[in-house]
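Visitor: Starting off with a structure, shown below.
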Amino acid sequence: MKHRLVLLAGAAVVVIAVAYWLLPSAPGATQPTAPRVASATPRAAEPSLPSTPSAAPKPRMVMTESGWRPQTNRKMPREWKDPVTGAINREILDAVPDPAAAAAEELKYRKSRLRLTLADAAAPCWGGSDSKEEIELEYTLVVEHETLRADNVRVKTSNLTNPTAERCIIDAVRDLRTLADKIPDMREDGGIVMSLHDLYDRNQRDARDHAPPSTQRDPVELPPARPPAN
């Protein structure tokens, strides 16, 4: 009898365990969730603005044989202390020009004046009246031993009706020699358009400048005569 009761109790425990395992979970129960992982999206680095190049400082100008030229210091100025007064003295280097910059400025000046210089040289080639005829020349600008000249002179276009004047202008341009102080040797292509009006205008101004002064004196305005006092 006791053995049967033990079997019934064991069977009941097994049934209860199976029934509990088969029961559905309560509707309010929450399932365990995985821990939340914080998102860390890296922000793209903003492109840095391009740096604005600083303007180069203007060179200091000093007076040289050819005029005002950029100045540079070839060495640091020497400093020394006066043994009596204790004052700090500094060597003056302002009078030392930059040779390369001075040569570039001199070449620029000579080229800007070259058209006027060539026209002055060719002015004797034309003694006629005012005219709009012109000639365009091409040449190689040469600096050699501090002398500037035009080499390989050739005619590009011309409507001059006087062949003698045309030949004279070409020879005047080819034979011109002018000073190119402290400019290193160089060669570069150049050209000029020269009109007979330019030559006529120069001849007229030259004639006025060399005209003899007038021998007739301007009348002098005299004060009115007054009767003598008694």
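Visitor: Conditions: (1) of a type in the set (Asp, Glu); (2) under 19 Å from His197 (Cβ atoms); (3) modelled with pLDDT under 90. Glu136 meets all but one. Number of the miss?
Guide: The single condition Glu136 does not satisfy is (3).
Visitor: For the list (1) modelled with pLDDT of 80 or more; (2) surrounded by fewer than 13 Cβ atoms within 10 Å (Cβ to Cβ); (3) out of contact with any His (no Cβ under 7 Å at 6 or more places or on another chain), I need the number of the one condition that Leu107 fails.
Guide: The one condition Leu107 does not meet is (2).
Visitor: Show the residue pairs meeting these rules: Cβ distance below 8 Å; 6+ apart or different chains; first residue within the stretch 187-216 and basic (Lys, Arg); second residue modelled with pLDDT of 85 or more and assigned to a strand (DSSP E or B).
Guide: Arg187/Thr140; Arg187/Leu141; Arg187/Val142; Arg187/Val143; Arg187/Asp151
The values are calculated or read from the model by the stated rules, or taken from the named source; none is laboratory data. What you see is a predicted model; the values in this text were computed from it and never measured. No Cβ is skipped: glycine too gets one built from the backbone with ideal geometry, and neighbour counts run over all protein chains shown.
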